[in-house]
Amino acid sequence: MSTVKKALSVVAVATALFLVGGLGAWRSFRDTPVAAATTNADALIAPMAGASLEQTIADLQTHLQAQPDDGRSLALLGIAYAQEAARTADPSYYPKAEEALQRSLALQPDGNIEGLVGMGVVSLARHDFAGGVRWGRLAHTANPDAAHILGVIGDGQLELGHYRRAFATFDRMAEMRPDVASYARVSYARELQGDVPGALAAMRQAADAAGTPDDAAWVSYQIGELSFRSGHLPAADLAYRRAEALSPTFLPAKAGIAKIAWARGDIARAIRSYRRLVARYPLPEHVIALGDLYAIDGQTTRADDAYALARAEAALFRANGVNVDVELALFEADHGDPVAALADARAGWRSRHSIHAADALAWALYRSDRPVPAARLEHVALRLGTQDATSFFHAGMIARRLGDRDEARRDLTRALAINPHFSILFAGAAQRTLTQLRG
């Protein structure tokens, strides 16, 4: 049986490893918590019978040359393009995905679950979260028994800041189908609410449910990220290395191992590791991490080159319809353009009232010397009880600017207690500031 026929024999619903807090190939510029794969391998238009994703795309393209009005194959091709965008960090696949999916829906407007969900996934990947929810609801109306569709809806609700709705959607999804996708979303919901042990427990359930080495590698990497964000370097290192062993081609694990090298003080090794990774997978967060390592190592020119590449990547993502306002706001606030940071942060806050958008706007306001509104927004960013060291660092620096030394000490102490390695650029600054405040 051909790859296309095998692909058509499964329910293709969404691409793997689309992440909340940075869905698709453009992730957040700092270590924000990330959520689950939208679905696990048995429900993907994924490489089958040894075929690569590139071969699956080529087979679908060949099939459609002979049968251009095959609506379902068009939907599967659109979803495969979206997967390729995430796999390669190349956003030029998103317009191709949307075109294929729109053609599919025009040819088959009724009962086209793959087309509807595919449009939801592409909308989420482009950070059009309201659009993702809309398409997800249309798909859910057409097929209310499909648990994976709830993942698309819940992801959008989460990024819009509709947390109660999102958590209820994830709980329902897990009840309907306890698998990697639903357990990982439950894990993220718990982490957002400050329940890190509960988040780890749910992710271990996801590990038990993983059906392929790639699924298991992804889950192990998420356990590593949870451990790192909680300041547990040995556990994080073990999880990253397990992910790499399970799937040697799973590149995020290599980023985790490089991050461990920096946290343990081996900057030269971390730089070498990130350089190799960026050469293969130039995801913006990796490019910026490399630039930050150059910056703290005194290699200013190389740092500037990395940041210039990140800005060029941002322009490419925007040109292909990806909204990176919140991510760019944090980047510019951290790396030098407070005016651009504030403009992007305000645009991001208008489109989504998530805790991450609130944190980005608070930090941009602080960088623009407006600490009073910054403090109000940072309070919003911390309202769920999330144990996010970066947000507590922001809160502490804002309180210090306002002259509240006691609150600044509390927040900075909390940031460093959660994760003393929360930021390549700012972990050392947090410790120095806290020492000054205590002195």
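Only the coordinates and a few stated rules stand behind these numbers; no lab work does. The structure displayed is predicted, hence computed values, not measured ones. Here Cβ is always computed from backbone atoms with ideal geometry, including for glycine, and neighbour counts include all displayed protein chains.
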Point to revise | the chain: relative contact order in percent, alpha carbon pairs under 8 Å with at least 6 residues between | key: 13
**Study point:** region 93-98 - phi-based ³J(HN,Hα) in whole Hz, Karplus 6.51/-1.76/1.60, Gly and Pro as x
**Key:** 6, 5, x, 5, 4, 4
Exercise for review: Put one equal scatterer on each alpha carbon of region 312-360, apply the Debye formula with no solvent term, and list log10 I(q)/I(0) at q = 0.22, 0.33 1/Å to two decimals.
Suggested key: -0.72, -1.18
Study note, to complete from the structure: Per 10 angstrom bin, beginning at 0 and ending with the bin that holds the maximum distance, the Cα pairs of region 212-264 fall in percents of 33, 55, 11, 0
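Would you please report the Å³ per residue occupied by the convex hull of the alpha carbon atoms in the chain?
Numbers: hull volume 55.3 nm³, N = 439.
Normalising the Cα hull of the chain by residue number yields 126 Å³.
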Exercise for review: Could you give me the percent of Cα pairs per 10 Å distance bin for region 336-438, shortest bin first, beginning at zero and ending with the bin that holds the maximum distance?
Suggested key: 17, 49, 31, 3
**Study point:** Filtered trypsin sites (Lys or Arg not before Pro), region 367-404: DSSP coil and at most 15 other beta carbons within 10 Å
**Key:** 383
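Can you order the peptides 238-249, 223-234, 77-88 by their average number of other Cβ atoms within 10 Å per residue, highest first?
Values: 238-249: 18.7, 223-234: 20.7, 77-88: 25.8.
The peptides rank, most packed first, as 77-88, 223-234, 238-249.
Per the Kirkwood formula on distinct C-alpha pairs, the Rh of region 271-342 is how many angstrom?
Details: mean 1/r = 0.0802 Å⁻¹.
Mean inverse Cα-Cα distance, inverted, gives 12.5 Å.
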Check your understanding: Which of 365, 192, 101 sits farthest toward the positive end of the charge dipole of the chain, with +1 on the Cβ of Lys and Arg and -1 on the Cβ of Asp and Glu?
Key -> 365
Review point. Among 402, 227, 436, whose Cα lies farthest out toward the positive end of the dipole of the chain, if unit charges sit on the beta carbon of Lys, Arg (+1) and Asp, Glu (-1)?
Key: 436
Practice item. Can you tell me the dipole magnitude for the chain around its Cα centre, using point charges on the Cβ only (Lys, Arg +1; Asp, Glu -1), in Debye to the nearest 20? Key: 960
Check your understanding: Can you run phi through the Karplus equation (6.51, -1.76, 1.60; θ = phi - 60°) for region 198-208 and list ³J(HN,Hα) in whole Hz, with x for Gly and Pro?
Key -> x, 5, 5, 4, 5, 5, 5, 5, 4, 4, 5
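Let's see if you can work this out: charge +1 on each Lys and Arg Cβ, -1 on each Asp and Glu Cβ, no other charges. What is the dipole magnitude of region 212-264 about its Cα centre, in debye to the nearest 20? Write out the running numbers ahead of the final one.
Numbers: 6 positive and 5 negative charges, 48 e Å.
So the dipole magnitude of region 212-264 works out to roughly 240 debye.
Shape of region 171-276 from its Cα gyration tensor (a ≥ b ≥ c, root eigenvalues): rounded if a/c is under 1.5, otherwise prolate when a/b > b/c, or oblate?
Values: a/c = 2.96, a/b = 1.66, b/c = 1.79.
Note, shape of region 171-276 comes out oblate.
Using helices alone, what [θ] at 222 nm do you get for the chain, with -39,500 (n - 2.57) per DSSP H run of 4 or more residues, divided over all residues and rounded to the nearest 500? Intermediate values should be presented prior to the final figure.
Values: 23 runs with 314 residues, N = 439.
Computed mean residue ellipticity for the chain: -23000 deg cm²/dmol.
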